[in-house]
Amino acid sequence: MTWSIPIWFDLWLIGMAGGLSTVAFFLGILNGDKDKSLFKFATYLGFPMVMLSVLFLISDLGNPLRFWHFITRFNVDSPMSLGTWFIISWSAVSVLMIFAWQIEKRRNRAIKAVNALGWISFVLSFLLMAYGAVTPAVSGRPLWTSTFLLPALLVISDISMGLAILIMVGAGFRLGKNNPEKPNKLDEWLLSPARAMLPAATTQKLAAANVYVIILSAVALAGQLLGVFLSNLPHAKDQLSGMTMSWLGIAFWLGIIGLALGLPLFLYFPSLKKDINETRVRKTVLIASICVVAGGFVLRAVIITAGQL
Amino acid sequence: MELTRRDFLKTTGCAVGLALVSSTLSSDNVEALAGDRNMTIQIDVGKCSGCWKCHTACTKQNNLNGVKSYDPNHPYPLSGEDWVALLPTKRGKAWRFRKHSCMHCTDASCLEVCPTGAISRNGEAVVINQDWCTGCGYCVQACPFGIPHKDETTGTARKCDFCIGRVSQGGMPACVEICPAKAMHFGTRTDMIDSATARVTELVGNGYADANIYGVNELGGMHVIYVLDGKPSVYGLPDVPKSATSNSPVKWVSGLTAFGLALAPMWLVLKKRGQNDAKVKEARK
């Protein structure tokens, strides 16, 4: 199989980083987050995700030491070539923003720079998601190309994962155990300012939004599968039955239909009308969000594998 | 030496001009080359006996990994070390074999999506530069016929190169030269299409109503054309093959639309919340 496990991780990480950044930036605008605490959190978390995804991509190359050949060409017809430049641009902007955040207490200009760069990063974050979503769709594989819905499905899944991460932060997800005598410094530095921007009411609204987004992704998935079923391309039906009925079908039904779509909907729904401050409700929302993120990984793994059957 | 702004602009202008002129010349040269030669392989599926000698010749010509025996019940698939495959199809009581290898399309998906420029056109042939290929596998995914394959030994994508070394010296591809059944012919595109048309007429006259030529118009015209005695799908070929990039703008727009649709619920629920907050504030006043 030409694209295997490293590509699953590559597409998952890059999509999640893009989704998280766009959602955090958008929420910051809607909520009047002048300090950009959420976006800062998203950038600090997204940057290592993108770097890791690049390492996965390089490790999947037949000749990893030739990775630099990608930056010798700009080919608008090739999503992979465009993606290379999106990753480079997004990373450069992120590094500049991280630098500006480091010095913003000393220089006012840094705050202005962050404001301007934020918009650029927002656009580039969308392009990162689009790169991960369009790359498999621009191919000759019937499962990926029979309709134009695969990019939509993957972008919606990216947004859903981004929302899920913010919901996890708002619902009190912590890095390690919470010990009041010895607070987790990473947790305090990375999550607390972001958490301050996600009060219970906002987190609950985000969970409500994610319910809609998950329904949207279920519609996109159904449309994609129907398109493949109706397609007359050779191997289209073989790939579809391979995805839903062979050994891969277990991952499809349990991982995508169950973990990525069904379980989060089942868990988010009842908690929407209850007080999220209750520990039980908070835990339910947390589990639902973890399912969305894990299900996003299975979605990519199954689609990438089935398309190459 | 101090460089003035005027000097800088002059130098830059000259450089850009030279680059434009040279790129125009080089593209003209390629067209001239293709126009002069435009050699094409014609494969008559009905005449192929499945002797497998084309695979043997290809393997020897390109120093690939070993000559193998052929079993129609377990045909070898294409791989980085097997650039020719024979796909068996049962037609009535008889077996038909379709030689499956690169078709050197004019609108070659592999070339279009290659992110590093390792795949290029050399006259009729679409070739992979083995010293520049990173082995990303995108060409493998993009080809509508599933031709290029990643070679685990070299770490690169590999496929038929139209025997470009032999063809450029006036020779013919090794597979065509060796074919004992004369199922393959090599010549100018016009000659190959003419003889294929005559053969299709003959097949139709013999009762093969669906006989057709495959590869004349498909993907901008391919440099391997087939004479088929049935529909392309009978032989595992897409009836209307599409270039991988043919719908790519639609796919980018699909991603953008989904982006808007997915952010909309967030905007709606938070805007509603903002309105509720404003009502609460008003009530407090």
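Here is how the numbers come out for the structure above:
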item	result
Candidate set from the stretch A:287-309 (those that are open to solvent by 30 Å² or more (accessible area, probe 1.4 Å) and farther than 30 Å from A:LYS237 by Cα); member that is farthest from the chain's Cα centre (by Cα)	A:ILE287
Residues (touching a strand residue (DSSP E or B) at 6+ places or on another chain (Cβ under 9 Å), at pLDDT 75 or above and open to solvent by 100 Å² or more (accessible area, probe 1.4 Å)) located in the stretch B:60-75	B:ASN65
Members of the stretch B:79-93 that are closer than 22 Å to B:LYS231 by Cβ and either within 14 Å of chain A (Cβ to nearest Cβ) or out of contact with any helix residue (DSSP H, G or I) (no Cβ under 9 Å at 6 or more places or on another chain) (or both)	B:LEU87, B:PRO88, B:THR89, B:LYS90, B:GLY92, B:LYS93
Cβ-Cβ under 8 Å pairs, at least 6 apart or on other chains, the stretch B:165-186 side open to solvent by less than 30 Å² (accessible area, probe 1.4 Å), far side among the hydroxyl-bearing types (Ser, Thr, Tyr)	B:CYS175/B:SER101; B:ALA183/B:SER49
Residue identified as more than 14 Å from chain B (Cβ to nearest Cβ) and either out of contact with any helix residue (DSSP H, G or I) (no Cβ under 9 Å at 6 or more places or on another chain) or within 30 Å of B:SER243 (Cβ to Cβ) (or both) among A:LEU127, A:LEU149, A:LEU117, A:LEU186	A:LEU186
Checklist (1) farther than 30 Å from B:GLN141 by Cα; (2) away from chain B (no Cβ under 14 Å) applied to A:GLY32, failing item	(2)
Subset tally (residues that are open to solvent by less than 10 Å² (accessible area, probe 1.4 Å), more than 9 Å from chain B (Cβ to nearest Cβ) and at pLDDT 90 or above) for the stretch A:163-183	3
Selected residue [open to solvent by 20 Å² or more (accessible area, probe 1.4 Å), within 21 Å of the chain's Cα centre (by Cα) and either modelled with pLDDT under 95 or among the aliphatic types (A, V, I, L, M) (or both)] from A:SER4, A:SER89	A:SER4
Top-ranked residue in the stretch B:125-164 [being within 21 Å of A:LEU65 (Cβ to Cβ) and surrounded by fewer than 19 Cβ atoms within 10 Å (Cβ to Cβ); ranked as nearest to the other protein chains (Cβ to nearest Cβ)]	B:GLY155
Unmet criterion (only one of (1) open to solvent by 20 Å² or more (accessible area, probe 1.4 Å); (2) within 25 Å of B:THR257 (Cα to Cα); (3) of a type outside the set (A, V, I, L, M)) for A:ASP238	(2)
Which listed residue, of A:VAL76, A:VAL123, is free of Cβ contacts under 8 Å to residues at least 60 places away in the same chain, among the β-branched types (Val, Ile, Thr), in a loop (DSSP other than H, G, I, E, B) and open to solvent by 30 Å² or more (accessible area, probe 1.4 Å)	A:VAL76
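Residue by residue, here is whether (1) open to solvent by 20 Å² or more (accessible area, probe 1.4 Å); (2) within 24 Å of A:TYR212 (Cβ to Cβ); (3) at pLDDT below 90; (4) in contact with a Lys or Arg (Cβ under 9 Å, 6 or more places away or on another chain) holds:
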{"site": "A:LEU226", "(1), (2), (3), (4)": "yes, yes, no, no"}
{"site": "A:THR244", "(1), (2), (3), (4)": "yes, no, no, no"}
{"site": "A:TRP253", "(1), (2), (3), (4)": "yes, yes, no, no"}
{"site": "A:LEU263", "(1), (2), (3), (4)": "yes, yes, no, no"}
{"site": "A:LYS274", "(1), (2), (3), (4)": "yes, yes, yes, yes"}
{"site": "A:THR279", "(1), (2), (3), (4)": "yes, no, yes, no"}
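The values are calculated or read from the model by the stated rules, or taken from the named source; none is laboratory data. The structure displayed is predicted, hence computed values, not measured ones. Virtual Cβ from ideal backbone geometry, glycine too; neighbours counted across all protein chains shown. Each accessible area value is taken on the protein alone, full model and side chains, heavy atoms only, with ligands, DNA and RNA left out. Shrake-Rupley method; radii C 1.70, N 1.55, O 1.52, S 1.80 Å.
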